Amino acid sequence: MTYRLFEGKDHASSYWKFRISPSDNLIQQVLDFLEKHKGHPFELAVDVGCGSGQGTVLLAKHFASMVATDVSPAQVEMALQHSKEPNITYKQCVAEELPLADSSVDLVTAMSAFHWFDRPRFLQEAHRVLKPRGCMALLNYTMDMELSYPDCCSQTLNQICQEFYAALVPYRSAHLGSNSIELYREAYKSLPYPDKEWHECVRVKRPMPLSSFMGFVESFSSYQTLVREDLQKATALSQDISHRLMSVMKVSSAETEVEVSVRYYCLLACKPQEA
């Protein structure tokens, strides 16, 4: 079953405001893989577990049609509010039962979502809907985001960040294990496709206000679990981390811009012609 931890409207809103989208270079890497193994035309892509749709809109411009699905009504509603692209259709459904015909899809993606699925069932479903030579791209990032700020010791900044991440570990879903990357490596090894690639340490750097970085971490399921269990503790933790970071940066405003470095990894695979 798909784990349903991102259902509330407030959480969907924080997703839209703070979640980082894959870089243009990372999206291009996916498209290059599709071009290499299947080629044009790029007719239909499906983005599974689309959340509030930031990654969906990046892909949509390259396809005639795009279907984006999520199990959460609030996430789909948020995506619809912000999407203006006429070739995107949003649907609420579970990842393991896609409302698509057999062998109809050129590209199946899941961006920062695969780890929440019933992974064996989803891989079977992706295989069902993919055309022969259609491709799948599963993307995610590690939790060890790094901060940098001019004339400031990055090591000290990131030690504080590591303390923030460590404080959230007890609230991490057991479904994810100790490290989500292992779930993707496991999927890569288990896929019987001869044409597949594994990439990690793909760095994406984004400038953003410190407050947005804090919002990014607060949108994580582990922080949201802490909020549900003890709102006062969650708020105090976030405020303490923010104040300590500003102190090291020698600034008084959380709207001060920092550079956030996120480490992505991805699994790319092509369904065989004869499958």
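The values are calculated or read from the model by the stated rules, or taken from the named source; none is laboratory data. Because the structure is predicted, anything quoted here is derived from the model rather than measured. Please note: Cβ atoms are built from the backbone with ideal geometry, for glycine as well, and neighbour counts cover all protein chains shown. The accessibility values were calculated without ligands, DNA or RNA, using every heavy atom of the protein model including side chains. Shrake-Rupley method; radii C 1.70, N 1.55, O 1.52, S 1.80 Å.
Annotations for the structure displayed:
- Residue ranges of strands (runs of 3 or more DSSP E) in segment 105-173 with at least 2 members at pLDDT below 95 and open to solvent by 20 Å² or more (accessible area, probe 1.4 Å): 146-148
- If you filter segment 139-159 down to residues that are of a type in the set (A, V, I, L, M, F, W, C) and more than 17 Å from the chain's Cα centre (by Cα), you find that the one that is nearest to C201 (Cα to Cα) is L147.
- Long-range neighbours under 9 Å by Cβ, at least six apart or interchain, first residue at positive phi within segment 158-177, second open to solvent by less than 40 Å² (accessible area, probe 1.4 Å): G177/H115; G177/L183
- Leading residue by the ranking (farthest from A113 (Cα to Cα)) among those in segment 63-93 that are aliphatic (A, V, I, L, M) and assigned to a loop (DSSP other than H, G, I, E, B): A64
- Selected residue (only one of V227, V251 is under 24 Å from N140 (Cβ atoms) and of a type outside the set (G, A, S)): V227
- T89 closer than 23 Å to Q54 by Cβ, of a type in the set (S, T, N, Q), surrounded by fewer than 22 Cβ atoms within 10 Å (Cβ to Cβ) and under 20 Å from the mean Cα position of the chain (by Cα): yes
- Filter pass, K271 being modelled with pLDDT of 95 or more and surrounded by fewer than 15 Cβ atoms within 10 Å (Cβ to Cβ): no
- Condition check for V76: open to solvent by 40 Å² or more (accessible area, probe 1.4 Å), more than 24 Å from K38 (Cα to Cα) and under 18 Å from the mean Cα position of the chain (by Cα): no
- Qualifying residues in segment 42-58 (those that are at pLDDT below 95 and surrounded by fewer than 24 Cβ atoms within 10 Å (Cβ to Cβ)) - the one nearest to the chain's Cα centre (by Cα): Q54
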